[in-house]
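Report on the structure given below.
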Amino acid sequence: MTDFQIVDTREEILRILEEKGEILQKDLWKELKIDSSKCSRILRKLEKEGLIRRVEVVVDGVKTFKIVSAKFEERKAEEEKLDLKTIMDRMEQVTKLPPCYGCLDLECEAERCLKLEVWFLKLCKVR
């Protein structure tokens, strides 16, 4: 394999990972139509550069690696942060709602509801 072929293969790996985010190493070398040892050498270099991460997995009883794009992991982490922020914002909004909003007691009367009274007193203290 010439230096040009290695560069082309390297770029092709990064393109595939950009598209898919992650792929099993055995599927990658099959898709690229190169032997597994050449693929491994290129992947080790990409991993050293921080462009990918190789995660050991077992598929059908055989050890292989899942290749994950560093960009894919960054996007995934950012999405998880956003999801957590959304959840926290919604939880904060829910805590501001009176307990009657989620009250399952159909016999409850607002004038005599202890939960509503406690909620109201807490609300007055906060302000």
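In the range 29-58, which residue that is surrounded by fewer than 10 Cβ atoms within 10 Å (Cβ to Cβ) and either basic (Lys, Arg) or in a helix (DSSP H, G or I) (or both) is modelled with the highest pLDDT?
Only one residue fits best here, namely LYS48.
Inside the range 14-28, can you point out the residues that are surrounded by fewer than 14 Cβ atoms within 10 Å (Cβ to Cβ) and either of a type in the set (Val, Ile, Thr) or in contact (Cβ under 8 Å) with a residue 12 or more places away in the chain (or both)?
Across the range 14-28, the qualifying residue is only GLU18.
So if I check each of LYS71, LYS63, which one is closer than 30 Å to SER37 by Cβ, surrounded by fewer than 10 Cβ atoms within 10 Å (Cβ to Cβ) and either among the basic types (Lys, Arg) or modelled with pLDDT under 75 (or both)?
LYS63
Find the residue count for the range 59-74, including only residues that are among the hydrophobic types (A, V, I, L, M, F, W, C), part of a strand (DSSP E or B) and out of contact with any Ser or Thr (no Cβ under 9 Å at 6 or more places or on another chain).
Count: 4.
Inside the range 6-28, can you point out the residues that are part of a helix (DSSP H, G or I) and of a type in the set (Asp, Glu)?
Selection gives ASP8, GLU11, GLU12, GLU18, GLU19, ASP27.
Among the listed residues ALA77, ALA110, identify the single one that is modelled with pLDDT of 70 or more and under 30 Å from ARG53 (Cβ atoms).
Only one candidate passes the filter, namely ALA77.
Does GLU47 meet the test of being of a type in the set (Asp, Glu) and either over 14 Å from ARG10 (Cβ atoms) or in contact with a Pro (Cβ under 9 Å, 6 or more places away or on another chain) (or both)?
Taking the combined requirement at face value, the residue does not satisfy it.
The values are calculated or read from the model by the stated rules, or taken from the named source; none is laboratory data. What you see is a predicted model; the values in this text were computed from it and never measured. Please note: Cβ atoms are built from the backbone with ideal geometry, for glycine as well, and neighbour counts cover all protein chains shown.
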